[in-house]
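See below for the structure under consideration.
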Amino acid sequence: MKFELFKLIRENVKGLKPYSSARDEYVSDGSEMVFMDANESPYSNGVNRYPDPHQRQLKLLLARRNSLSVGNILLGNGSDEVLDLIFRAFCEPQKDNIITMPPTYGMYNVLAGINAIENREVLLTKNFELDVEEILSAVDRNTKLILLCSPNNPTGNSFSAAHIETLLTNFQGLLVIDEAYIDFSDQKSWLNKLQQFPNLIVTRTFSKAYGMAGLRLGVGYASEDVIAILNRIKPPYNVNELTQSKAFKMLQNVDVIEEQIKEILVERNCLAQNLAQIEFIREIYPTDANFILVKVDDADRRYREILDSGVVVRNRSSQALCANTLRFTVGTPEENESLLRFLNTL
């Protein structure tokens with residue numbers, strides 16, 4: 001069955017004409033100009049002018065690095081905005097539904113609620129794998145999106161490529177793969193499959209491996225047709241000037257970022273090995289992310305004890321299939337040593 005994107009678009013979005021900002025109508029070529037078109041302050045302070053609404057310089061850098069076209073890229077105020085735009089472009093409130101696979105990133109359910117979209121939850125298996133048959137059984141004519149996080153949060157594991165490909169092949173809606181933690185995994189990114197699967201959207205964040213959580217910058221990769229639709233409803237200046245310039249500068253020096261990733265991977269393995277020696281830890285789950293999920297004897301008690309020591313971890317016991325689990329983000333060698341030193345006293 002041929003994938004038909006036009007049928008997925010909300011009716012009000014199909015004929016929507018996007019807002020045309022001053023910086024859409026005039027794109028600077030670097031010439032010295034007097035700008036009197038956008039009702040900005042004329043007094044220069046570094047941020048008195050509107051930012052590039054299409055983040056052209058940053059997108060060009062990302063396109064070159066990922067062997068894609070600029071037209072395959074959407075930047076947002078964090079990946080949460082990218083996800084929200086996907087909901088608002090393709091999901092009709094009070095009518096359509098999405099499918100998620102708990103335990104997973106909680107924002108998917110929040111966005112479904114905000115946009116008045118039914119969230120059909122299909123639990124992962126006990127081994128935190130996708131139940132492909134159950135997922136496809138949950139699909140109906142109003143299912144617009146399947147959202148999955150791989151490597152998954154909070155479990156840390158990557159999903160089977162064969163399972164994901166089965167979903168892409170058999171689902172006529174959009175499959176969104178959240179690759180927030182892909183830089184810590186040996187698994188291949190799905191970016192190289194965008195041409196093969198027109199119903200694929202890949203989202204990423206600069207908050208994890210790239211160390212830019214405070215900048216709030218996320219990215220969506222998809223076919224040019226999908227990105228064009230999302231650009232219709234994107235706020236004109238959704239990524240501010242400070243974020244664009246700082247991110248562009250930091251991405252010029254990826255050697256530092258790559259070294260930090262290598263250190264986190266070494267520390268992740270060391271931390272996991274040492275956590276296995278802690279008496280109250282019952283199980284350590286495999287991880288492809290920058291965190292480790294562990295099962296303990298009493299998560300509420302251990303969480304309070306660790307917090308009292310001055311270390312903040314995450315109690316994930318409220319999540320499906322995650323009873324009595326704590327999630328440890330991998331820190332610096334010094335931070336990890338401090339944590340382990342305390343855990344060995346309990």
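Any read-out appearing in this document is the output of simple, stated calculations on the displayed coordinates, not a laboratory observation. Everything numeric in this text was worked out from a predicted model, so none of it was measured. Neighbour counts run over all protein chains shown; Cβ positions are idealised from the backbone, glycine included.
Remarks
- Folded to 0 to 90 degrees: helix 241-251 orientation relative to the chain principal axis, Cα: 60 degrees
- Here's the list of lysines a cross-link from K17 could span, going by alpha-carbon distance under 16 Å and ignoring same-chain residues fewer than 8 apart: K234.
- Between the helical axis of 79-90 and the longest alpha-carbon principal axis of the chain there is an angle of about 60 degrees.
- Springs between Cα atoms under 10 Å define the GNM used for the chain, and in it the highest mean-square fluctuation of R64, R268, R204 occurs at R64.
- In plain terms, the residue of I177, I278 with the fewest other Cβ atoms within 10 Å comes first and the most crowded comes last, giving I278, I177.
- Straight Cα distances below 20 angstrom link K246 to the lysines K59, K208, with same-chain residues fewer than 8 positions distant left out.
- Calculated FRET efficiency for the pair E224/Y19, C-beta based, R₀ 25 Å, to 0.05: 0.75
- Where both bridge residues fall in the stretch 168-295, DSSP classifies roughly 60% of the beta bridges as antiparallel.
- Mean projection area, nm², convex hull over Cα of the stretch 112-183: 5.2 nm²
- Taking only the C-alpha atoms of the stretch 255-343, the Rg (one decimal) and the largest Cα-Cα distance, Dmax (whole number), read 12.9, 41 Å.
- Globularity index of the stretch 69-191, i.e. its alpha-carbon radius of gyration over 2.2 N^0.38 Å: 1.01
- Positive end of the dipole of the stretch 128-265 (Cβ unit charges, origin at the Cα centre): among A162, V256, A138, the Cα lying farthest that way belongs to V256.
- For the pair S309 and E241, the difference between a 0.36 nm per residue extended length and the Cα-Cα distance amounts to 20.5 nm.
- Theoretical ellipticity at 222 nm over the chain - DSSP helices of four or more residues, -39500 (n - 2.57) apiece, nearest 500: -10000 deg cm²/dmol
- Gap separating the Cα centres of the stretch 243-281 and the stretch 87-117, nearest whole Å: 31 Å
- Going from the residue with the fewest nearby Cβ atoms within 10 Å to the one with the most, T329, T155 rank T329, T155.
- Taken as Cα centroids, the stretch 302-334 and the stretch 13-37 sit 47 Å apart, rounded to the nearest whole angstrom.
- Taking amide H as placed 1.01 Å from N in the peptide plane, N142 has no amide H partner under 5 Å among residues 5 or more places away or on another chain.
- The phi torsions of the stretch 163-177, fed into the Karplus equation with coefficients 6.51, -1.76 and 1.60 and a -60° offset, translate into couplings of 5, 5, 5, 4, 5, 4, 6, 9, 10, 8, x, 9, 9, 9, 10 Hz, rounded to whole numbers, with Gly and Pro shown as x.
- Taking the convex hull of Cα positions in the stretch 307-346, its mean projected area over all directions (nm²): 3.2 nm²
- For F6 and V266, the FRET efficiency from 1/(1 + (r/R0)^6), where r spans their Cβ atoms and R0 equals 56 Å, is about 0.70.
- GNM flexibility winner over the chain from P151, P198, P235 (Cα, springs under 10 Å): P235
- The chain: translational diffusion in µm²/s, Stokes-Einstein, Kirkwood Rh over Cα pairs, 25 °C, 0.890 mPa s: 112 µm²/s
- Approximating the spin labels as points 7 Å out from Cα along Cα→Cβ, the I281-to-S69 distance works out to 4.8 nm.
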